[in-house]
Amino acid sequence: MITVAIAEDHQALIDGLTLLLKNHDTIKIISTALNGEELLAKIKNKQPHVVVTDIRMPKMDGIQATKRIKKLNPNIKVIAFTMFDQPDAIQQMLAAGADGYILKNSPLTTVEKAIEAVYNGKTFFDAAINISDFEYNTNNTQKSLLTKRQQEILHLIGQGKTSREIATLLFIGIHTVDTHRKNMARVLGLNGKGELLRYALDKKYKF
């Protein structure tokens, strides 16, 4: 039996998922929470196989909750269940360690498929998400997700290029390059001006 915990600040959605999975042969909901803090407290007592969590929640959002869950038990699978399909939201959630990403406007049966997929060691992305727009890297339990444009910029950073030089080479504005730098640093969990260069060199992005 696949045990599941759900974190969602709309009770109606929790009720809908509970009704969907109530008589499921292989999936059982063992815990529900209305915010990230409540989710973590319940997970410490009941270790589910899979967590389905919203991103935007009170007290603690799904991104921070996912990071804490993975630190507590890396074997727990986490699925983002959200309205947000923006690349930045996807990047941050998967960088936190999520194993799947589904949208709330999809059929509820998609949740069932996602739970079974991640439990069996696979990743699951909503059909509405074009995952080919991203490069998905795994480093032990840390996962980072960068757009193709960010990968290009990181390669140039690894070659020692300045933001101005990168902007010229890619025919984009300096402000755009600096914004990508900030987003990459946040997604990769880096701090400090030289950390992106160090990361690029460590990962051999200069080649």
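Rule-based calculations on the coordinates, nothing more; no lab input. Please read all numbers here as calculations on a predicted model, not as lab measurements. We place every Cβ from the backbone using ideal geometry, glycine too, and count neighbours over all the protein chains shown.
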- Item | Summed residue charge, Cβ within 15 Å of L19's Cβ, Lys/Arg positive, Asp/Glu negative | -1
- Rounded to whole Å, √(5λ) for the Cα gyration tensor eigenvalues of region 142-202, largest first, gives 18, 12, 11
- Quick calc: nm separation of the 7 Å Cα→Cβ label points for L19 and L170 -> 4.6 nm
- Distance in nm between label sites at E112 and K182, each 7 Å beyond Cα in the beta-carbon direction? 4.4 nm
- Rank A65, Y101, I153 by how far each Cα sits towards the positive end of the charge dipole of the chain (+1 on Lys, Arg Cβ; -1 on Asp, Glu Cβ) and give me just the farthest. I153
- Reachable aspartates and glutamates from K46, Cα under 15 Å, same-chain residues fewer than 8 places away excluded? E37, E38
- Of the listed values (i) 28; (ii) 23; (iii) 19, grab the one calculated as percent of Cα pairs over 32 Å apart from the structure here. (ii)
- Have a look at M60, M184, M93 and tell me which one the Gaussian network model of the chain (Cα, springs below 10 Å) gives the largest fluctuation. M60
- Query: Can you give the helix-only mean residue ellipticity at 222 nm for the chain, where every DSSP H stretch with n ≥ 4 adds -39500 (n - 2.57) and the sum goes over all residues, rounded to the nearest 500 deg cm²/dmol?
  - Reply: -13500 deg cm²/dmol
- Among I102, I43, I166, whose mean-square fluctuation peaks in a Gaussian network model of the chain (Cα, cutoff 10 Å)? I166
